[in-house]
Amino acid sequence: MNTGLWIEIGTLLVATVGVVGGLLALRQANRQRRLDLGGLYLQRYWEIDDDLLRLPKGSPEHTRARHRYLRLCEDEFEAARRGWLEPDQWNVWHAWLAEDAARAQVDVDLIACKAPVDRFLLLRECSSVSAQHSWKECPARVRVG
Ligand SMILES: [Zn+2]
């Protein structure tokens, strides 16, 4: 083989390694963005949970905290539908939200917060299923609009 061919093969190898490295770095950056967003949601969750424990039940502030929790859940559903959350993390969160007790609590919170029927649509879709279900089975995942 002549030197020119070796140089071309070497250049091709370097370019291939560069492209693969770039794709791996992009994939890792996307995963980190999903984890960062999940971290923000966790932080919001604990703030709301602290308020729910601290504020007198039945007070307007407590009702507002329940409303903030519903908003958080709705935001998480929307983010999950768009692929902005790490799938493993969201599957755990959704499994918890899809438990019988959690779905029943959502229904109680929607009433207590006097949430209009055209709000929290993804949360309502998930809650409307009569049994615990996975994210793959959740009607909120495929809801149009
Ligand atoms: Zn669901």
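A short reminder: the numbers here are calculations on the coordinates, not readings from a lab. Remember, predicted model here, so these are calculated numbers, not experimental data. Neighbour counts are summed over all protein chains in view; Cβ atoms, including those assigned to glycine, are modelled from backbone coordinates with ideal geometry.
Only Cα pairs under 8 Å and at least 6 apart count here; give the relative contact order of the chain as a rounded whole percent.
22 percent
Give me the log10 of I(q) over I(0) for the range 73-119 at q = 0.13, 0.19, 0.27, 0.29 Å⁻¹, as the Debye formula computes it from C-alpha points; what are the numbers?
Here the Debye-derived log intensity ratios amount to -0.35, -0.69, -1.00, -1.04.
To the nearest 10 degrees, how steeply does helix 3-54 sit against the main Cα axis of the chain, on a 0 to 90 scale?
Tilt relative to the chain: about 10 degrees.
Can you sort Val17, Val106, Val144 by how many other beta carbons sit within 10 Å, fewest first?
Ranked by crowding around the Cβ, least crowded first: Val144, Val17, Val106.
So what's Rg/Rh here for the range 67-145, counting alpha carbon atoms and using the Kirkwood radius for Rh?
Rg divided by Rh gives 0.93.
Projected area of the chain, taken from the Cα convex hull and averaged over every viewing direction, in nm²?
Result: a mean projected hull area of 11.9 nm².
Just add up the charged neighbours of Ala79: K/R +1, D/E -1, any other residue whose Cβ is under 13 Å from the Cβ of Ala79.
Local charge sum for Ala79: +1.
In a shell of Cβ-Cβ distance under 11 Å around Arg68, excluding Arg68 itself, what net charge do Lys and Arg (+1) and Asp and Glu (-1) give?
Value of the local net charge: -3.
What angle do you read, to the nearest 10 degrees and between 0 and 90, between the alpha-carbon axis of helix 87-97 and the longest principal axis of the chain?
Rounded to the nearest ten degrees, it is 10.
Provide Glu74, Glu99 in ascending order of the number of other Cβ atoms located within 10 Å of each residue's Cβ, fewest first.
Arranged by neighbour count, lowest to highest, Glu74, Glu99 become Glu99, Glu74.
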